[in-house]
1. For Leu56 and Ile112, what does the FRET efficiency come to when R0 = 35 Å and r is the distance between their Cβ atoms, rounded to the nearest 0.05?
2. State the extension gain, in nm to one decimal, for the chain segment bounded by Lys92 and Asn43, taking 0.36 nm per residue of separation less the distance between their alpha-carbons.
3. For a Förster distance of 30 Å, can you work out the FRET efficiency between the beta-carbons of Thr65 and Arg124, rounded to the nearest 0.05?
4. Can you compute the helix-only [θ] at 222 nm over the chain? Use -39500 (n - 2.57) per DSSP H run of at least 4 residues, normalise by all residues, nearest 500 deg cm²/dmol.
5. Counting only residues 5 or more places away or on other chains, whose amide H sits under 5 Å from the amide H of Gln91 once H atoms are built in the peptide plane?
6. Rounded to whole Å and sorted largest first, what semi-axes of the equivalent ellipsoid does the C-alpha gyration tensor of the range 36-126 yield via the square root of 5 times each eigenvalue?
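Nothing in this text is a laboratory measurement; each read-out follows from the coordinates by a stated rule. Note that the structure is a prediction, hence the values are computed from the model and not measured. Positions of Cβ are generated from backbone atoms using ideal geometry, with glycine treated the same way; all protein chains shown enter the neighbour counts.
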Amino acid sequence: MSKAAKADRATSRNDSIGLCRDQHAGLYARGGALRLVVDHPSNAPLLGAHTGAVLLRAAELTVETGDGSVVVYISRGGTACRIAAARVLPQKNGGVSLTDWQVESGFEHAAITENGATVHRITRPA
């Protein structure tokens, strides 16, 4: 994680997702509309239409107030498969957290809390 990202994480209480190679995530507003697609920078460019959504190439995605859910996908051989999904939950302290994780068979959810915010990762067990 870069120094700028670490500094930003220190001031934010919002949860984030650290993407691994071959992963991308869709962030949906509370109304269900796709608002942001985050693609890991080492992946080949995503193909296909993401109508109305902003496409961002980054290794980390931070949820914000107003978000409703996030879905993590893995890309293999030109096909995207959903590997995990979570609900976005506002906190009393003003932060936003990810909860109610649904992780597909063959993958694991890991969470590390730093400075009051949690970074989530979806990985394959070794």
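1. 0.95
2. Extending this stretch completely gives an extra 14.0 nm.
3. Working: r = 32 Å, r/R0 = 1.06.
Using R0 = 30 Å, I get an efficiency of 0.40.
4. When only DSSP H runs of four or more count, the value is -2000 deg cm²/dmol.
5. Long-range HN contacts for Gln91: Val96, Ser97.
6. One finds semi-axes of 23, 17, 12 Å for the range 36-126.
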